[in-house]
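J.: There's a structure below that I have some questions on.
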Amino acid sequence: MQISEKQLSQVNHQIRALVSAGSFYGKKLEQAGIERVSTPEEFEKLPFSEKSDLRDAYPLGLMTAPEKDIVRIHSSSGTTGLPVIIPYTRKDVEDWAIMFARCYEFAGITPMDRIQVTPGYGLWTAGIGFQNGAEKLGAMVIPMGPGNTEKQLQMMQDMGSTVLCSTSSYALLLTEEIEKRGIKNKIKLRKGVIGSERWSDKMRRRIGEGLGIELYDIYGLTEIYGPGIGINCKYNTGMHYWDDYLYIEIIDPHTLKPVPDGEMGEIVITTLVKEGAPLIRYRTHDLSRIIPGECPCGSRFPRLDTIMGRTDDMMKIKGVNVFPSQIEEILQGFPEVSSEYQIRISHLDGKDTMRIYVETNGSVDFADLAGRLAAKVKSVIGFTPLVKVVENGLLPRSEKKTKRVIDERYD
Ligand code: ZN
């Protein structure tokens, strides 16, 4: 998706605001000697914005509009170090609600729907984003916030909620509770709008069939308004995103160069009309790709694929970008292996090698299985790994997140 003339002029407007506010990005531009951009090539030379830049601006260094125009702040949950504070003007809050209402519309949600909001309210952007968008649309909000499953299920029945907004894990928990209590016939849900974490098809089917609802992935991040900047339509061919508010590029996280449409890489977002805290070429570290071509729904809004993970998970082997999720998907096609696996990458005799360890039970021919797995990986990724098959239970397990990829090249 090449940047358009109109988007370029919007970027220049954002650049002027950032420079006159003396923000970190204004300083980056001064250092690079850039005052404006007039071509897509010039745009691609603009410096990136990083999460660390945003952290360094704590508390209010990102504020780009005059304080009299700032009406609210939000904050990303900083697991490490300082959080990021994003100031919003009235127009930013309004634009976000418009984008979010558009998400609901793409999901076929109407002013006659009753929307139960279970993500958290407070400093982060989740609950309030779902709520403002629903009010903009004109639907009835049931602002539950997270937890208290007992009360959630009671209100869901009494209010006749038709839409559930939730994380995938909470939607799964509610599905299991509803089944356990045998109250499915008292539930009127017809759609679920699920925050865009990576979730497996298996889980999606479980929730969709368990509740008998259609599911929609909503995308967003606090640094760029919040959730609501993209969603899939009923054809489920990727998430449409709102290119009248945002310009999205996909870059190779190693070379930092944009990749062609259709290729996997890191999502980089530029805000086009934000006032409180505009961001130019913000590296999200989320992995996805632009889906080329037109959606059967006929919408002109471009599409991003479902989020495939984080750049930190990505491995570059023999010049090829490989994601653990790709290997995981391949393994899921082999019912004879367990859910445990380990990937080891090393550099031997001047060459990168990838070893994949999988488990199976004693009734399987190990050599035959290893051969079939290696051939499948080669057909998907383009090179042949060494596959080692071991007895069930031999791979390490951990109560926390098991480390599945070990890169020995940089030890
Ligand atoms: Zn569509």
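J.: Using heavy-atom solvent-accessible surface (probe 1.4 Å) with all chains present, what is the largest-first order of 240, 13? Write down the numbers at each step before the final one.
T.: On the way: 240 0, 13 115 Å².
Highest to lowest solvent-accessible surface, that is 13, 240.
J.: Further question: Shape of the chain from its Cα gyration tensor (a ≥ b ≥ c, root eigenvalues): rounded if a/c is under 1.5, otherwise prolate when a/b > b/c, or oblate?
T.: Oblate, since a/c reaches 1.5 and b/c is not below a/b.
J.: Placing +1 on the Cβ of each Lys and Arg and -1 on the Cβ of each Asp and Glu in the chain, which of 364, 126, 354 has its Cα farthest towards the positive end of the resulting dipole?
T.: Checking the options against the dipole of the chain, the answer is 126.
J.: Using modelled amide H (1.01 Å from N, peptide plane; none on Pro or chain starts), what sits under 5 Å from the amide H of residue 279, excluding residues fewer than 5 places away?
T.: 271
J.: Hey, got the dipole for the range 314-410? About the Cα centre, +1 on K and R Cβ, -1 on D and E Cβ, debye to the nearest 20? Display every interim value, and only then the final one.
T.: Working: 15 positive and 13 negative charges, 84 e Å.
Roughly 400 debye, rounded to the nearest 20.
J.: Can you figure out the FRET efficiency of residue 110 with residue 179, using R₀ = 35 Å and their beta-carbon distance, to the nearest 0.05?
T.: Details: r = 28 Å, r/R0 = 0.79.
That pair, residue 110 with residue 179, gives E of 0.80.
J.: To continue, here is another question. I need to check one value: relative contact order of the range 98-169, counting alpha carbon pairs closer than 8 Å and at least 6 residues apart, in percent.
T.: Working: 108 pairs, mean separation 29.6, N = 72.
Relative contact order for the range 98-169 comes out at 41 percent.
J.: Kindly flag which residue pairs out of 6/45; 376/403; 68/136; 234/376; 28/68 have an alpha-carbon separation exceeding 20 Å in this structure. Before the final figure, lay out the partial values.
T.: Values: 6/45 18 Å; 376/403 23 Å; 68/136 24 Å; 234/376 31 Å; 28/68 26 Å.
Cα-Cα > 20 Å for 376/403; 68/136; 234/376; 28/68; rest within.
J.: While we're on this one: Report the local net charge at residue 277: Lys and Arg +1, Asp and Glu -1, summed over other residues whose C-beta lies under 9 Å from its C-beta. Intermediate results must be reported in sequence, preceding the final value.
T.: Details: positive: 274; negative: 92, 223, 275.
Net local charge, residue 277 excluded: -2.
J.: Determine the distance separating the Cα centre of the range 26-67 from the Cα centre of the range 235-302; give it in Å without decimals.
T.: Comparing the Cα centres of the range 26-67 and the range 235-302, I get a distance of 19 Å.
J.: Separate question: So with the 1.4 Å probe, I'd like the accessible area per residue for the chain, rounded to whole Å². Mind dumping the intermediate values first?
T.: On the way: 19190 Å² over 411 residues.
Averaged over the residues of the chain, the accessible area is 47 Å².
J.: Does the range 89-311 come out rounded, prolate or oblate by the C-alpha gyration tensor, with a ≥ b ≥ c the root eigenvalues, rounded set by a/c under 1.5 and, if not, prolate when a/b is larger than b/c and oblate if not?
T.: Details: a/c = 1.93, a/b = 1.54, b/c = 1.25.
Prolate is the answer for the range 89-311, as a/c is 1.5 or above and a/b outweighs b/c.
J.: What residue among 339, 247, 154 has its Cα farthest toward the positive end of the dipole of the chain, where the charges are +1 on Lys, Arg and -1 on Asp, Glu, each on the Cβ?
T.: Towards the positive end, the residue furthest out is 154.
J.: If you place +1 on the Cβ of every Lys and Arg, -1 on the Cβ of every Asp and Glu, and leave all else neutral, what size is the dipole of the chain about its Cα centre, to the nearest 20 Debye? Let's see the in-between values first.
T.: Values: 52 positive and 55 negative charges, 124 e Å.
Taking the Cα centre of the chain as origin, the dipole is about 600 debye.
J.: When the label point is put 7 Å from the Cα of residue 256 along its Cα-to-beta-carbon vector, which residues of the range 27-51 have a backbone N closer than 11 Å?
T.: 45-50
J.: Between rounded, prolate and oblate, where does the range 229-341 land on the alpha carbon gyration tensor, with a ≥ b ≥ c its root eigenvalues, rounded for a/c under 1.5, else prolate if a/b exceeds b/c? Could the numbers behind the result be given before it?
T.: Values: a/c = 2.29, a/b = 1.45, b/c = 1.58.
Since a/c reaches 1.5 but b/c is at least a/b, the shape of the range 229-341 is classed as oblate.
J.: Could you tell me the center-to-center distance, by alpha carbons, between the range 100-164 and the range 323-349 in angstrom?
T.: 38 Å
J.: Which of these, 203, 144, 239, has the largest mean-square fluctuation under a Gaussian network model of the chain (Cα springs below 10 Å)?
T.: Looking only at 203, 144, 239, the largest GNM fluctuation is found for 203.
J.: Okay, next question. Hey, which aspartates and glutamates would be in cross-link range of residue 188, C-alpha to C-alpha under 13 Å, not counting anything within fewer than 8 residues on its own chain?
T.: Within reach: 113, 158, 214.
The values are calculated or read from the model by the stated rules, or taken from the named source; none is laboratory data. No experiment lies behind these values; they were computed from the predicted model shown. Cβ atoms come from the backbone with ideal geometry, glycine included; neighbour counts cover every protein chain shown. These area figures cover heavy atoms from the full protein model, side chains too; ligands, DNA and RNA do not enter into them. Shrake-Rupley method; radii C 1.70, N 1.55, O 1.52, S 1.80 Å.
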